[in-house]
Amino acid sequence: MFRKAQPNEQTMTTEPEQTAQDIKASHDSVDLINQIVADDQHNDEIHYTVDRNVRHLRNCLTLPHIMDNATTEDKIAFADAATLGEDWVG
């Protein structure tokens with residue numbers, strides 16, 4: 001059974017495989033946002049999907065294990081897609 005970490009507990013380091021998976025997941029969000037914006041189809045479900053992926057990217061841009069291991073190009077792609085998605089949803 002898992003328990004929620006307490007605010008003063010030291011967090012575990014992230015394994016390299018998990019970091020690579022997290023960076024790949026961020027690129028998946030970039031690709032999805034770019035595809036949805038290119039298709040330019042609007043409905044509540046699509047807006048929710050874009051918003052969820054924007055929040056994912058914004059969160060990833062605050063995580064040390066991603067920021068310490070992603071390339072500059074990765075970080076730019078994450079930030080640009082998040083901004084694009086925010087602008088598109090409105």
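The values are calculated or read from the model by the stated rules, or taken from the named source; none is laboratory data. Computed from a predicted model, the values in this text were never measured in an experiment. Neighbour counts are summed over all protein chains in view; Cβ atoms, including those assigned to glycine, are modelled from backbone coordinates with ideal geometry. When the accessible area is computed, the model is the full protein with side chains, heavy atoms only, and any ligands, DNA or RNA have been set aside. Shrake-Rupley method; radii C 1.70, N 1.55, O 1.52, S 1.80 Å.
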Accessible surface of the chain, 1.4 Å probe, proportion on carbon and sulfur as whole %: 53 percent
The answer for the chain, counting only DSSP H helices whose Cα atoms cover 27 angstrom or more along the axis and whose Kyte-Doolittle average is -0.5 or greater, is 16-39
Mind checking the dipole of the chain: about its Cα centre, +1 per Lys or Arg Cβ, -1 per Asp or Glu Cβ, Debye to the nearest 20? 460 debye
In nm, to one decimal, how far is the modelled label at Thr72 from the one at Asn43, with both set 7 Å along Cα→Cβ? 4.3 nm
Among Gln21, Val50, Leu32, which residue has its Cα furthest toward the positive end of the charge dipole of the chain, with +1 on Lys/Arg Cβ and -1 on Asp/Glu Cβ? Gln21
Excluding ligands, DNA and RNA, what is the solvent-accessible area per residue of the chain at a probe of 1.4 Å, expressed in Å²? 73 Å²
Over the chain - Rg/Rh using Cα atoms and the Kirkwood inverse-distance radius: 1.05
Burial ranking of peptide ranges 38-51, 55-68, 21-34 (average Cβ count within 10 Å, highest at the top): 21-34, 55-68, 38-51
Per the helix-only model, the chain has a calculated mean residue ellipticity at 222 nm (DSSP H runs of ≥4, -39500 (n - 2.57) each, divided over all residues, rounded to the nearest 500) of -23000 deg cm²/dmol
